[in-house]
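The values are calculated or read from the model by the stated rules, or taken from the named source; none is laboratory data. Source: prediction; values computed, not measured. Positions of Cβ are backbone-derived with ideal geometry, glycine not excepted, and every protein chain shown enters the neighbour counts. When the accessible area is computed, the model is the full protein with side chains, heavy atoms only, and any ligands, DNA or RNA have been set aside. Shrake-Rupley method; radii C 1.70, N 1.55, O 1.52, S 1.80 Å.
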There are 4 protein chains.
Amino acid sequence: MQQYRILIDCTDKKGLVYKISKLFFELELNILSNNEFVDSDNDKFFMRSVVEGNIDEQTLKAKLNEVLDANVNLHLVSPRKKNIVLMVTKESHCLGDLLIRYEAGELDANIIGVVSNYDLLQPLVEKFSIPYFCVSHEGLDRQGHEHKVLECLSQFKELDYIVLAKYMRILTPTFVQAYSDKIINIHHSFLPSFIGANPYKQAHERGVKLIGATAHFVTNDLDEGPIISQDVIHVNHDHSWRDMQGLGRDVEKVTLSRALKLVLEDRIFVHKNKTVIF
Amino acid sequence: MQQYRILIDCTDKKGLVYKISKLFFELELNILSNNEFVDSDNDKFFMRSVVEGNIDEQTLKAKLNEVLDANVNLHLVSPRKKNIVLMVTKESHCLGDLLIRYEAGELDANIIGVVSNYDLLQPLVEKFSIPYFCVSHEGLDRQGHEHKVLECLSQFKELDYIVLAKYMRILTPTFVQAYSDKIINIHHSFLPSFIGANPYKQAHERGVKLIGATAHFVTNDLDEGPIISQDVIHVNHDHSWRDMQGLGRDVEKVTLSRALKLVLEDRIFVHKNKTVIF
Amino acid sequence: MQQYRILIDCTDKKGLVYKISKLFFELELNILSNNEFVDSDNDKFFMRSVVEGNIDEQTLKAKLNEVLDANVNLHLVSPRKKNIVLMVTKESHCLGDLLIRYEAGELDANIIGVVSNYDLLQPLVEKFSIPYFCVSHEGLDRQGHEHKVLECLSQFKELDYIVLAKYMRILTPTFVQAYSDKIINIHHSFLPSFIGANPYKQAHERGVKLIGATAHFVTNDLDEGPIISQDVIHVNHDHSWRDMQGLGRDVEKVTLSRALKLVLEDRIFVHKNKTVIF
Amino acid sequence: MQQYRILIDCTDKKGLVYKISKLFFELELNILSNNEFVDSDNDKFFMRSVVEGNIDEQTLKAKLNEVLDANVNLHLVSPRKKNIVLMVTKESHCLGDLLIRYEAGELDANIIGVVSNYDLLQPLVEKFSIPYFCVSHEGLDRQGHEHKVLECLSQFKELDYIVLAKYMRILTPTFVQAYSDKIINIHHSFLPSFIGANPYKQAHERGVKLIGATAHFVTNDLDEGPIISQDVIHVNHDHSWRDMQGLGRDVEKVTLSRALKLVLEDRIFVHKNKTVIF
């Protein structure tokens, strides 16, 4: 028996659940889990089904297309390990968290490479027998460096997602477009949020009582892409900015790993810069 | 157009979603929201649909019964204000929280009475023009007192739920059975949990770093009914047990109100001492 | 035996704890609790002591001034119920939470009045026998209205704190200066924060996974005063903006009450737009 | 200039702060941070000072002993890297979290060895060039196995703390006494707590809405030692017990690392099975 994850989003209208479930019934597909959501503000219908049965993938897709309208987004996925590349700069907390999960077999993905603008984390990555690519930015302008990074990435023919695990350089629209909807970032976003250099120092100066992190898809609006996951931790006046950074790192790594898990399980729809997550 | 909340639970089998959604389609009912869950450990199917359309309630019920098996639990509810009675002893935090929501029109229910074994909270309740019934336990044994409470409650012909908003007396199986699945309690449950007199004092002595609260349906196993909602708050050595009690009260009141909201919106299935909440 | 709360802040230097504790010892004052904090970035020393003993307040103050330098901030407080005025607009959740605590004797303060620009909450407030002052803004410009509010407040000769319990009008610098360090506000601040009309609607459109609240002292920078307390709650795509508002209200009311408790217990120092809280 | 962490606990009495701070002043020690707490229920005084200055450690200790009573607990620590041994069974999440921090230089300790009753985690540990000792329990009774573990540990002459990073065997009183106050454990404790095999499965069956973890010192009462740190995460009916286990692991690893940090910074007093943490 084969399993499929079927993700459908389209304009809402009467009878969608009926038509889709009728097809599953006729094809003798067993529904293992089923989630629907209607965004009534935008008149949009979202559905994610995990089904099990014996049918050819092409046929299933064709049949679904028959039943559904032309302007429907349909993603049919046989659950499989996805290929991911991690990008890092100097900090190891998010990278390390993913490596430990990977080693334990808890990450449903192949880490096919780690790309960095420094060689600092090479020893750590190579302990886990994962190829490390150092693409230094020194002596290069932003475009020049990014061009070399894109070149490096181009060797991965089957790349599903890029995880910015504390990659501290800003991506240009060219990069973002090349991997549209495929880049996940972790952002140290605070309450109120702090932009620019050393956000934890800024947060400390502001005297916040909470620090947090946001995992999101990357779009051209820096730190403004669709939010996947967020969390916070309480702090007080007694925490130095380095203490805050330390606490923030724990929130960052757990939030990023949680978001990546949702991505790898094909649980996320993106619509109008928001996520629907089943 | 009429709205209905349709709650179905039964043994899982192929085609359930198809058959139900087919009926909705034929009856021209528009699905506003739809949730399904399959408990594969217990082979159980749960579905909650909110639909909108023009059809007589009896007809809809009959049609659903036709399509579904005999051993299906079907709850068809036209969204309406439910009638609730609050039971209290001496503490006002949960009661007060519900009264303020009630006054603001934020509680989708009619509070038709407050029953207590003390008269202490009568002045507060009567500010809100709600009848207060003091059924003192003095000079009575447990059964004798409970008999009088049941007598008092029997005057409410259309009573949907009883909310134990810090009612500090243990209910007998007779009482629980009389209002089976209709009693909601808030329990100061800790990590580790403390049973018996003055739980906050016990928690303080144990040196916990978290205190919490659990809202649950009441069954004969004291404090062991299906859990609806839980929350916690961090504490430290500097908190006296009275501080912990104060902080705990905030958790208790918010947790109880949140659970009651889920109950009033018909979002909860109970199965095998667990809840499925949509 | 009398109790005193002694709050001292000054430039840090060697021997401060020694000099102060020596004085307490000589005056036979028993230290019930003692907290110190050195802000080494700013070279500032903060100390809060609760002491018990038999000595005249003037003498104690004089002795402390003798020991400490001229440029020391010294607050000597006999624990007493402070007088507070609540300011509200149309929402009752924060107001109601404070009223219920007040009624239960859990708020260590006298609510000497509630001021609003609407008469909507008058019935609620008067249930608790607290004077309500409606100062309508209709037909008045900002300054004109605020002038009338200040006039209204001027009747309270012994006013310790003003609590903006969802007062939805912006205060001018004149107002803020008139009650410098005495105004506490609750702000629906999100991650990322949203400014302007209907923040919950904005947060919903942004697709946040957390909503929060910040209690702070009011300064001339709107929503930028020293933060006292912050908290958040998790939300998801299934929450409408009205759901978010409902959840947010629970966070707001608990966060404001918690902050007010810290204020009333004289636990807060403000320095450089930050708080030190013992 | 030398730094010292001075931890004092004794029966509370007047003048303690004065006497101690007087000594610091006379010895020209600068107080970097100072915390006091009086447990008035038990009439106990706790103080932790970080001081800086030029004085011989023996002299400082002698002077403190002069000033303080005979029955005072005095710990004088020059901040230094402590030596720790990790004990594990099969799960790598807590171990891995500590290894990544260690590699990044964020753990203020030397991991001098990892001891396990399986060889499963040997490859992971050896990536980080840390000695791994597999002491199999096969064919041995509890005492026999523990005897061999104690033998293995006896090689570490300067062992400060043993961290049970998911070591799944119960320690006997002999072991606990041998390393009294030096063993830290992470316990998957739930609300309500579940004891015995597969706690996450039990929690899932109970239908909890929160799962949590507790880091504590180990005493002879299993899972009943002084609590250092606790945290929880929200779950719902849709989480399988394996999902809960996965989420629980994140709480476990962060809670254990946070507790270990407090231990390594000499921030914890233990008294009457409770912790005072500065």
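Below 10 angstrom from the Cβ of D:Tyr132, what's the summed charge of the other residues (Lys, Arg +1; Asp, Glu -1)?
Net charge around D:Tyr132: -2.
Please report the relative contact order for chain A, taking Cα pairs under 8 Å with a sequence separation of at least 6, and give it as a percent rounded to a whole number.
It rounds to 15 percent for chain A.
Do any GluC sites (Glu not before Pro) in region C:210-277 lie in a DSSP loop with no more than 15 other beta carbon atoms within 10 Å, and if so, which?
Hits after loop and neighbour filter: C:Glu224.
For region D:183-278, what is Rg from Cα atoms divided by 2.2 N^0.38 Å, rounded to two decimals?
1.11
Ignoring ligands, DNA and RNA and using a 1.4 Å probe, state the total buried accessible area between C and B in Å², rounded to the nearest 100.
What C and B bury together is about 1700 Å².
I want the local charge near A:Val50. Using Cβ-Cβ distances under 11 Å, sum +1 for each Lys or Arg and -1 for each Asp or Glu among the other residues.
Charge balance near A:Val50 sits at 0.
Distance between the C-alpha centers of region B:218-265 and region D:1-54? Whole Å please.
When both Cα centres are located, 38 Å separates them.
Working from the pairwise distances between different alpha carbons, so that the mean of 1/r is found and then inverted, what is region C:88-181's Kirkwood radius in Å?
14.0 Å
Could you give the accessible area per residue of region B:82-277, probe 1.4 Å, as a whole number in Å²?
For region B:82-277, the per-residue accessible area is 39 Å².
Quick one: divide the alpha-carbon radius of gyration of region D:1-137 by 2.2 N^0.38 Å and tell me what you get.
1.45
Among C:Asp108, C:Asp221, C:Asp119, which one shows the biggest mean-square fluctuation in a GNM of chain C, springs joining Cα atoms closer than 10 Å?
Result: C:Asp221 has the largest fluctuation of those listed.
Using only Cα atoms, find the angle between the long axis of helix C:16-26 and the longest principal axis of chain C, and express it within 0 to 90 degrees, rounded to the nearest 10.
Roughly 70 degrees, rounded to the nearest 10.
Modelled label-to-label distance, A:His234 and C:His137, 7 Å Cα→beta-carbon offset: nm?
Label-label distance for A:His234 and C:His137, simple model: 3.3 nm.
Summarise the accessible area of chain A (1.4 Å probe, protein heavy atoms) by the percent that is carbon and sulfur.
The C+S portion of the solvent-accessible surface of chain A is 46 percent.
Among DSSP bridges having both ends in region C:203-278, what percentage is antiparallel? Round to the nearest 5.
For region C:203-278, the DSSP antiparallel bridge percentage is about 100.
Quick one: net charge around C:Leu264, please, counting Lys, Arg +1 and Asp, Glu -1 for every other residue with C-beta under 13 Å from its C-beta.
Net local charge, C:Leu264 excluded: +4.
Can you give the helix-only mean residue ellipticity at 222 nm for chain D, where every DSSP H stretch with n ≥ 4 adds -39500 (n - 2.57) and the sum goes over all residues, rounded to the nearest 500 deg cm²/dmol?
-9500 deg cm²/dmol
Over region A:82-277, what number does the Rg to Rh ratio reach, with both radii from the alpha-carbon atoms and Rh per Kirkwood?
0.95
Enter the angle in degrees (range 0 to 90, nearest 10) between the Cα long axis of helix A:93-103 and the first principal axis of the Cα atoms of chain A, meaning the one along which they spread out most.
With rounding to tens, the tilt is 50 degrees.
At D:Pro123, label 7 Å along Cα→Cβ: distances to the other copies, nm, ascending?
Shortest to longest, the spacings are 2.2, 7.2, 7.3 nm.
Find the Cα radius of gyration of region C:7-75, compare it with 2.2 N^0.38 Å by division, and give the number to two decimals.
Against the compact-globule rule of thumb, the ratio is 1.07.
Specify the angular offset, from 0 to 90 degrees and rounded to the nearest 10, of the alpha carbon long axis of helix B:241-264 from the longest principal axis of the alpha carbons in chain B.
Rounded to the nearest ten degrees, it is 20.
Using a 10 Å cut-off on Cβ to Cβ distances, tally the other chain neighbours for every residue of B:197-208 and report the average as a whole number.
Average neighbour count from other chains, rounded to a whole number: 2.
Please report the antiparallel percentage of DSSP beta bridges with both residues in the protein assembly as shown, rounded to the nearest 5.
70 percent
So which aspartates and glutamates can C:Lys19 reach, going by Cα to Cα under 17 Å and dropping same-chain residues fewer than 8 places off?
Excluding near neighbours in sequence, the set is C:Asp9, C:Glu28, C:Glu36, C:Glu66, C:Asp69, D:Glu26, D:Glu28, D:Glu36.
Which three semi-axes in whole Å describe the equivalent ellipsoid of the protein assembly as shown, each the square root of 5 times a Cα gyration tensor eigenvalue, listed largest first?
In descending order the semi-axes read 47, 41, 31 Å.
Can you give the mean number of other chain Cβ atoms that lie within 10 Å of the Cβ atoms in peptide C:96-106?
Mean number of neighbouring Cβ atoms from other chains: 5.
Count, for each residue of D:28-38, the Cβ atoms from other chains sitting within 10 Å of its Cβ, then give me the mean as a whole number.
5
Choose one of A:Ser40, A:Gln230, A:Asn83: the residue whose Cα lies farthest towards the positive end of the charge dipole of chain A (beta-carbon charges +1 Lys, Arg; -1 Asp, Glu; about the Cα centre).
Ranked along the dipole, the leading option is A:Gln230.
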